[in-house]
Amino acid sequence: MVCLREQPGVVPGGDRVSKSDPKVKSFEISKGLVWEAYKRVKAKKGAAGVDGQSIEDFEADLKNNLYKIWNRMSSGTYFPPPVRAVEIPKPHGGGTRMLGIPTVADRIAQTVVALQLMPRTESIFHDDSYGYRPKRSPLDAVATCRQRCWKKNWVLDLDVAKFFDSVDHDLMVKAVEANTDQKWVVLYVKRWLKAPIRMPDGTVVERDRGTPQAGSFQDHVSLRILKGRCMTRPASRLASAMSRRPARWWAPTARLRRPAMTRGPDLVRTVELSSR
């Protein structure tokens, strides 16, 4: 559980999630955790989901909206709405990338789960993991690579092919189950993985694999799956500085040889630094 400096009988932010509910809930979820999740979602801003509700719209009835999230999650009756699909161009060309935009309420619910997982995942992530982590960014990964390039002669650069589009659901659930004993966390992760996606043309597509890139819990679970060693990576991109040219360039990716975790020849390259 995320430490919010709770005092006996006092839940930080709990009074902002509406009055207490005397009914016994299926799961014990702190109202303060919901409030912290809301603050983080608000700080990131973001677009509206399929319901067209902006953060400002959500805040028009903030206390009741937060209470609904807490009440449904605590009761085991929270079901995520479809995710709004948005196509964005990939940097430097190469087609488009599909992002999934959850509703504001769903982003808050996902962040509740992410905050629950964070103490555990942060304790086991490799120091060279930079993507989607607190107080870290892809630019920090670039800075670390730059320092190591002064000491090594070779760099292996690798990108996991379409990781978010094709990652196996069972693999993600196993990663969650291995890092929490909270049944509600596993329950909602399973529901989010199965949530349909509404395409730009209005059609609703059911999913049996992959997870929308732009959610909250997906980032932590995905990084748990990609956890490795001697790699500097912003997300599903990996780079390793080496003293010698790799004799077999695919060796560092052997751990990725499982369903939905592959790399293509156009996504792997070795660069000799001493010749530059």
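The values are calculated or read from the model by the stated rules, or taken from the named source; none is laboratory data. Fair warning: this is a prediction, and the values are worked out from it, not measured in the lab. In this analysis, Cβ positions are derived from the backbone assuming ideal geometry, glycine residues included, and neighbour counts consider all displayed protein chains. Surface areas here come from the heavy atoms of the whole protein model, side chains and all, with no ligands, DNA or RNA. Shrake-Rupley method; radii C 1.70, N 1.55, O 1.52, S 1.80 Å.
Among residues of the stretch 144-187 being closer than 25 Å to ARG120 by Cα and basic (Lys, Arg), the one that is modelled with the highest pLDDT is LYS183.
Condition check ((1) open to solvent by less than 50 Å² (accessible area, probe 1.4 Å); (2) modelled with pLDDT of 95 or more) across all residues:
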{"site": "VAL2", "(1), (2)": "yes, no"}
{"site": "GLY46", "(1), (2)": "no, no"}
{"site": "PHE58", "(1), (2)": "yes, yes"}
{"site": "LYS68", "(1), (2)": "no, yes"}
{"site": "SER75", "(1), (2)": "yes, yes"}
{"site": "PHE79", "(1), (2)": "no, yes"}
{"site": "VAL83", "(1), (2)": "yes, no"}
{"site": "GLU87", "(1), (2)": "no, no"}
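Among the residues of the stretch 163-187, those that are within 23 Å of VAL86 (Cα to Cα) and either open to solvent by 20 Å² or more (accessible area, probe 1.4 Å) or in contact (Cβ under 8 Å) with a residue 60 or more places away in the chain (or both) comprise PHE163, PHE164, ASP165, SER166, VAL167, ASP168.
Residue count for the stretch 4-18, restricted to those that are modelled with pLDDT of 60 or more and open to solvent by 100 Å² or more (accessible area, probe 1.4 Å): 2.
Candidates ASP127, ASP106, ASP140: the one that is among the acidic types (Asp, Glu), modelled with pLDDT of 75 or more and within 30 Å of LYS183 (Cα to Cα) is ASP106. Please determine, by comparing only the residues of the stretch 20-44 that are over 24 Å from PRO212 (Cα atoms) and of a type in the set (Asp, Glu), which one is surrounded by the fewest Cβ atoms within 10 Å (Cβ to Cβ). Checking each candidate, the answer is GLU28. Against the conditions (1) modelled with pLDDT of 95 or more; (2) in contact with a helix residue (DSSP H, G or I) (Cβ under 6 Å, 6 or more places away or on another chain); (3) β-branched (Val, Ile, Thr), VAL41 satisfies every one except (1).
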